[in-house]
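Working notes, beginning with the structure itself.
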Ligand code: AMP
């Protein structure tokens, strides 16, 4: 069965899309740790990042770098952190989270953003991509 992220990539489930190319797709995390929290996923389904072939893994990092640069321009922060967790959704994904201090990266504490706020930040990141 297709993962929820494959359904998002195919447009079967809505998302706040940031960018895509032939092999990768980026969209806002629906329960953001910080405003602008973005997920980057390879279009191929594999549930563990270190099972990806080298080319797909390298491509994921390069696409994530482009997305991170767009987030940096759209969201005030010191830097974009990158994390891989993968305990909830069995489809490899990278978390890109704007932070200004270590305590900003707390997966146990999620932000409550309205749909309007999510749409606005997605639009702003897209505009900088
Ligand atoms: P993990 O697999 O532990 O890295 O966590 C999965 C992440 O995916 C969590 O941060 C969720 O908030 C996020 N997530 C789950 N479903 C969706 C969705 N439909 N749209 C956007 N983000 C999602």
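The values are calculated or read from the model by the stated rules, or taken from the named source; none is laboratory data. The structure displayed is predicted, hence computed values, not measured ones. Neighbour counts are summed over all protein chains in view; Cβ atoms, including those assigned to glycine, are modelled from backbone coordinates with ideal geometry.
Below are the figures for this structure:
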item	result
Flag if residue 58 is exposed (fewer than 13 other Cβ atoms within 10 Å of the Cβ) and either in a helix (DSSP H, G or I) or modelled with pLDDT of 95 or more (or both)	yes
Residue count, segment 77-99 (criterion: in contact with a strand residue (DSSP E or B) (Cβ under 8 Å, 6 or more places away or on another chain) and part of a loop (DSSP other than H, G, I, E, B))	7
All positions within segment 11-34 that are assigned to a loop (DSSP other than H, G, I, E, B), under 12 Å from residue 121 (Cβ atoms) and more than 7 Å from the ligand (Cβ to nearest atom)	16, 32, 34
Only listed residue being touching a strand residue (DSSP E or B) at 6+ places or on another chain (Cβ under 6 Å), closer than 30 Å to residue 103 by Cα and surrounded by fewer than 21 Cβ atoms within 10 Å (Cβ to Cβ), chosen from 47, 29	29
Selection count, segment 105-126, where residues are over 13 Å from residue 76 (Cα atoms), part of a helix (DSSP H, G or I) and touching a residue at least 12 places away in the same chain (Cβ under 8 Å)	5
Qualifying residue in segment 95-103 (condition: in contact (Cβ under 8 Å) with a residue 60 or more places away in the chain and away from the ligand (no atom under 13 Å from the Cβ))	yes
Residue 19 under 27 Å from residue 109 (Cα atoms) and touching a residue at least 40 places away in the same chain (Cβ under 8 Å)	yes
Residues (surrounded by 15 or more Cβ atoms within 10 Å (Cβ to Cβ), within 15 Å of the ligand (Cβ to nearest atom) and under 15 Å from residue 28 (Cα atoms)) located in segment 61-88	64, 67, 81
